[in-house]
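Enquirer: This is the structure I have questions about; it appears just below.
The values are calculated or read from the model by the stated rules, or taken from the named source; none is laboratory data. All values reported here derive from a predicted model rather than from experimental measurement. Reconstructed Cβ throughout: ideal geometry from the backbone, glycine too, with neighbour counts over all protein chains shown.
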Amino acid sequence: MLLAFAFSLLTLPGCGSNKKENEIVIWHNMRPEEKNVIQEQLDEFMKLHPGIKVIQLYKETEEMRSGYIVAAIGGEGPELIYGPSDQVGPFTEMEIIKPLETVFSQEYFSDYNKDALIYTNNSLWMIADKLGNHLTLVYNKDLLPVPPKTEKELIESGMKLTKDFNNDGRTDQYGLVWNYTEPYFFVPFLTGFGGWVLDSLNQPTLNTPAMVAGLKFIQDLRDKYKIIPNEADYDIADVLFKEGKAAMIINGDWSWSSYGNAGINYGISTLPYITVSGHYATPMVAPKGYSINVNVDDEKLAKVRMLLEFLLSSEKQLETSLEVKTFPSRTELYNDPRLLNDEILLNSKKQIEQGRALPIVTEMRAIWDAMRPSYQAVLGGAITPEKAAQLMQEDAVKKIREMREDVDNPVWGLIVQVLMLLIVLAALFFTRKSIVAFFRSFKKNTFAYFLVLPALVIMIAVVLYPFIYNIILSFSNMSLSHIHDWKITGFEQYAKVFVEPQFYEFFLKTLIWTFSNITFHVVIGVTLALLLNKKLPGTGIFRTLLILPWAVPQYIVALTWRGMFNYEYGAINLILVKFLSMSPVEWLKSPTEAFMAIIITNIWLGFPFMMIIALGALQSIPQELYEAADLDGARWFNKLKTITIPLIKPVMIPAITLGIIWTFNNINVVWLVSNAGEPSDKTHILVSFVYKAAFNLYRYGYAAAFSVVIFLILFAFGMTFLKRTKATESVY
């Protein structure tokens with residue numbers, strides 16, 4: 001193979017694993033209450049087995065899945081991964097988890113509920129310790145002693161319990177709250193009207209009368225009956241119920257114990273019966289359990305099996321069930337009086353029995369991605385339910401096709417490999433003198449080179465290696481269909497980037513995003529720097545306060561600002577209404593306002609950097625220049641134009657260049673404030689769009705090509721900008 005040498009270099013980082021044979025790592029997405037319980041159980045296990053150390057690491061669901069995929073493909077990752085059953089689909093297709101029938105005897109499985117054993121292709125891939133992971137209707141018994149049984153009773157109770165206590169025009173208590181902007185939380189009402197997401201051949205079934213009816217029902221709950229908030233993500237709904245400001249919430253078994261801990265006298269009930277359709281609102285049911293990393297060797301596998309037998313034992317499952325109110329998978333526990341006398345667990349069992357198994361096929365990733373934009377467009381009033389159902393179906397078919405794409409062009413693949421080899425040979429030829437000079441210098445200054453060796457190794461590992469590997473992937477067909485057997489196929493991925501209509505839409509938004517942010521960063525930063533450079537009282541205090549936005553982690557800042565932009569409870573609208581007598585703005589509901597909200601957040605985050613850089617530059621300007629200008633009678637604007645700006649330019653231009661690159665590629669703020677592109681995937685920039693392509697649809701070759709295009713755009717801009725601004729020239 002022409003690239004065999006290059007590929008051997010690329011695989012070097014994975015050759016020497018530093019994993020300890022007596023250390024077991026578990027990745028999971030458990031809530032705090034569950035984490036506390038499992039930590040107590042792990043501590044007990046480690047006391048019984050002093051030679052084994054077990055580490056649990058919490059990760060958000062999507063972060064856990066994408067991180068595990070990357071790690072496992074590279075021969076690394078945790079020994080155990082814990083999560084809902086739908087992750088089994090992509091994991092098995094990528095061959096990154098072990099079949100468990102080779103680890104445990106068949107006799108071991110006899111005491112498990114059959115729904116806890118997740119099989120595909122005649123192999124067992126996950127053993128669940130919790131059944132359900134399902135939505136139910138949770139109600140505050142102090143506000144609603146008896147839960148509604150039908151959708152009519154739900155609406156009636158909701159209207160009675162939605163109240164404005166002080167008659168100020170703002171709702172103080174809602175009848176019902178839940179994260180209704182996400183498709184997963186909408187599914188019970190799709191099924192309630194007789195619909196489902198896939199047929200028996202795993203083809204999407206989204207353009208149906210049931211979908212239209214379900215969408216209209218959600219619209220009516222908000223706009224006609226007004227029993228749910230105008231905006232409600234997961235955290236807002238959760239807080240409202242915990243604070244007693246909502247009588248009912250639709251949420252999963254992972255949340256119930258937290259309501260009890262918050263002091264809410266709560267109960268759970270099955271989701272309502274839809275009288276107009278004759279169906280129950282049926283949630284998806286997805287057991288949660290453990291899978292074993294395919295990279296676990298035989299020696300460690302015995303220890304992993306021993307840990308699983310301990311955690312999955314009836315005793316430990318019962319402890320967990322009673323503490324966090326989840327339903328166990330061991331059938332011998334179903335007659336335990338402690339479960340039979342627990343009202344929460346009994347009602348949970350009823351909901352599980354009425355539920356419908358979440359499909360564990362990889363196509364579900366495409367279904368969620370297809371549903372989300374059109375569903376949120378309906379909620380935003382941009383399209384009708386009928387149009388949304390049609391677009392969902394079309395998008396789902398398209399995304400499944402993209403996910404399953406099989407690119408293979410042997411001729412162009414060979415041409416690209418030859419070109420790569422020629423480029424390597426040309427580079428060696430034109431740098432031959434430098435290479436010879438390097439080896440001569442190495443002999444003379446061996447000790448000096450050894451001193452810089454650690455830095456060189458780090459630069460190769462974190463910069464050069466990923467960069468070269470990404471370029472190679474950009475010419476490949478690496479995707480869900482070709483995870484382990486990918487090969488160079490030519491320029492097809494680059495062609496797809498430029499024929500993708502959304503590329504140009506998101507490129508324009510990225511330019512607006514970058515230009516707006518940098519303009520405000522520089523103007524605000526330089527203005528504040530000019531003020532701080534003056535000898536004013538309290539300058540030190542103000543300098544400290546103004547740098548705080550830059551010092552606080554972006555994750556915290558972004559989520560805080562998202563809460564501040566909430567329509568009903570956010571600080572921004574409260575200020576607009578109370579102090580400026582303006583109407584509240586639906587910041588997160590429409591694309592334009594949501595994009596403005598993201599820009600405002602990043603402006604607040606970014607100006608301190610420019611302020612510090614400008615302040616440092618200002619303090620290096622000789623005061624004699626300003627004194628001479630004063631003697632000449634120059635005004636402040638003339639001094640700014642002829643002295644300040646020219647002298648801070650050599651410092652500010654590189655800072656602006658860095659700011660443009662950072663902002664252009666800043667996925668954190670966009671992703672967190674918009675909640676992954678809400679509404680309707682209209683707030684993406686290029687880097688967030690390529691992230692979804694890579695980790696939602698597993699189009700790794702396409703995503704690599706997309707990222708190379710982004711790099712070339714930034715490289716061309718950076719070189720042109722520095723050259724035209726003459727940033728490297730002296731000002732004297």
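Enquirer: Tell me whether the stretch 609-620 contains one or more residues that are in a helix (DSSP H, G or I), surrounded by fewer than 18 Cβ atoms within 10 Å (Cβ to Cβ) and over 33 Å from the mean Cα position of the chain (by Cα).
Expert: For the stretch 609-620, residues in a helix (DSSP H, G or I), surrounded by fewer than 18 Cβ atoms within 10 Å (Cβ to Cβ) and over 33 Å from the mean Cα position of the chain (by Cα): present.
Enquirer: Restricted to the stretch 442-481, and to residues that are in contact with a helix residue (DSSP H, G or I) (Cβ under 8 Å, 6 or more places away or on another chain) and of a type outside the set (A, V, I, L, M, F, W, C), which residue is farthest from residue 696 (Cα to Cα)?
Expert: The extreme case among them is 449.
Enquirer: On to the next question. Kindly evaluate residue 179 against the criterion of being assigned by TED's automatic domain parsing to the domain that holds residue 266, closer than 17 Å to residue 229 by Cβ and either assigned to a loop (DSSP other than H, G, I, E, B) or hydrophobic (A, V, I, L, M, F, W, C) (or both).
Expert: yes
Enquirer: Tell me whether the stretch 86-99 contains one or more residues that are over 21 Å from residue 323 (Cβ atoms) and of a type in the set (Lys, Arg).
Expert: yes
Enquirer: Could I ask something else about it? Which one of 675, 638 is under 22 Å from residue 564 (Cβ atoms) and polar (S, T, N, Q)?
Expert: Unique residue meeting the criteria: 675.
Enquirer: Please determine whether any residue of the stretch 679-697 is more than 30 Å from residue 407 (Cβ to Cβ), in a helix (DSSP H, G or I) and not assigned by TED's automatic domain parsing to the domain that holds residue 399.
Expert: Looking through the stretch 679-697, none of the residues is more than 30 Å from residue 407 (Cβ to Cβ), in a helix (DSSP H, G or I) and not assigned by TED's automatic domain parsing to the domain that holds residue 399.
Enquirer: So which residues in the stretch 541-550 are surrounded by fewer than 12 Cβ atoms within 10 Å (Cβ to Cβ) and without any contact (Cβ under 8 Å) to a residue 12 or more places away in the chain?
Expert: Listed by number, the residues that qualify are 541, 544, 545.
Enquirer: Report, by residue number, each residue of the stretch 678-712 that is in contact (Cβ under 8 Å) with a residue 24 or more places away in the chain and farther than 28 Å from residue 374 by Cα.
Expert: The answer is 708, 709.
Enquirer: Evaluate the following for residue 663: is it more than 30 Å from residue 234 (Cα to Cα) and either at pLDDT 90 or above or outside the structural domain of residue 231 (by TED's automatic domain parsing) (or both)?
Expert: It is false that residue 663 is more than 30 Å from residue 234 (Cα to Cα) and either at pLDDT 90 or above or outside the structural domain of residue 231 (by TED's automatic domain parsing) (or both).
Enquirer: Moving on. Inside the stretch 199-210, can you point out the residues that are surrounded by fewer than 17 Cβ atoms within 10 Å (Cβ to Cβ) and either outside any loop (DSSP other than H, G, I, E, B) or on the phi > 0 side of the Ramachandran plot (or both)?
Expert: 202, 209
Enquirer: May I ask you to verify whether residue 416 is surrounded by 19 or more Cβ atoms within 10 Å (Cβ to Cβ), of a type in the set (A, V, I, L, M) and farther than 30 Å from residue 133 by Cα?
Expert: Yes, satisfied.
Enquirer: Of the residues in the stretch 112-130, how many are touching a Lys or Arg at 6+ places or on another chain (Cβ under 6 Å) and over 16 Å from residue 288 (Cβ atoms)?
Expert: 0
Enquirer: Could I ask something else about it? Which ones in the stretch 325-343 are touching an Asp or Glu at 6+ places or on another chain (Cβ under 9 Å) and surrounded by 13 or more Cβ atoms within 10 Å (Cβ to Cβ)?
Expert: Answer for the stretch 325-343, where residues must be touching an Asp or Glu at 6+ places or on another chain (Cβ under 9 Å) and surrounded by 13 or more Cβ atoms within 10 Å (Cβ to Cβ): 325, 326, 327, 328, 329, 330, 331.
Enquirer: All but one of (1) more than 28 Å from residue 90 (Cβ to Cβ); (2) surrounded by 14 or more Cβ atoms within 10 Å (Cβ to Cβ); (3) under 29 Å from the mean Cα position of the chain (by Cα) hold for residue 261; which doesn't?
Expert: Result: residue 261 passes all but (2).
Enquirer: Related question: Would you confirm, using the coordinates I've provided, whether residue 228 is in contact with a helix residue (DSSP H, G or I) (Cβ under 6 Å, 6 or more places away or on another chain), closer than 19 Å to residue 154 by Cα, of a type in the set (A, V, I, L, M, F, W, C) and at pLDDT 95 or above?
Expert: yes
Enquirer: Working only within the stretch 120-143, note down all residues that are outside any strand (DSSP E or B) and surrounded by 20 or more Cβ atoms within 10 Å (Cβ to Cβ).
Expert: 132, 133, 134
Enquirer: If only one of 731, 708 is among the β-branched types (Val, Ile, Thr) and modelled with pLDDT under 85, which one is it?
Expert: Of the residues listed, the single one that is among the β-branched types (Val, Ile, Thr) and modelled with pLDDT under 85 is 731.
Each row is one residue, and each column tells you yes or no for (1) out of contact with any Asp or Glu (no Cβ under 8 Å at 6 or more places or on another chain); (2) touching a residue at least 24 places away in the same chain (Cβ under 8 Å); (3) charged (D, E, K, R); (4) part of a loop (DSSP other than H, G, I, E, B).
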{"residue": "78", "(1), (2), (3), (4)": "yes, yes, no, yes"}
{"residue": "81", "(1), (2), (3), (4)": "yes, yes, no, no"}
{"residue": "88", "(1), (2), (3), (4)": "yes, yes, no, no"}
{"residue": "91", "(1), (2), (3), (4)": "yes, yes, no, no"}
{"residue": "95", "(1), (2), (3), (4)": "yes, yes, yes, yes"}
{"residue": "101", "(1), (2), (3), (4)": "yes, no, yes, no"}
{"residue": "107", "(1), (2), (3), (4)": "yes, no, yes, no"}
{"residue": "110", "(1), (2), (3), (4)": "yes, no, no, no"}
{"residue": "118", "(1), (2), (3), (4)": "yes, yes, no, no"}
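Enquirer: Residue by residue through the stretch 149-170, note down the ones that are crowded, with 18+ Cβ neighbours inside 10 Å and either without any contact (Cβ under 8 Å) to a residue 12 or more places away in the chain or of a type outside the set (Gly, Ala, Ser) (or both).
Expert: Hits for the stretch 149-170 are 151, 154, 155, 161, 162.
Enquirer: Turning to a different aspect of this structure: Please specify each residue of the stretch 524-540 satisfying the condition of being in contact (Cβ under 8 Å) with a residue 12 or more places away in the chain and outside any helix (DSSP H, G or I).
Expert: 533
Enquirer: Something else now. Do we have any residue at all in the stretch 575-584 that's buried (at least 18 other Cβ atoms within 10 Å of the Cβ) and at negative phi?
Expert: no
Enquirer: Here is a further query. From (1) of a type in the set (Val, Ile, Thr); (2) buried (at least 20 other Cβ atoms within 10 Å of the Cβ); (3) not assigned by TED's automatic domain parsing to the domain that holds residue 82, pick out the condition that doesn't hold for residue 292.
Expert: Condition not satisfied by residue 292: (3).
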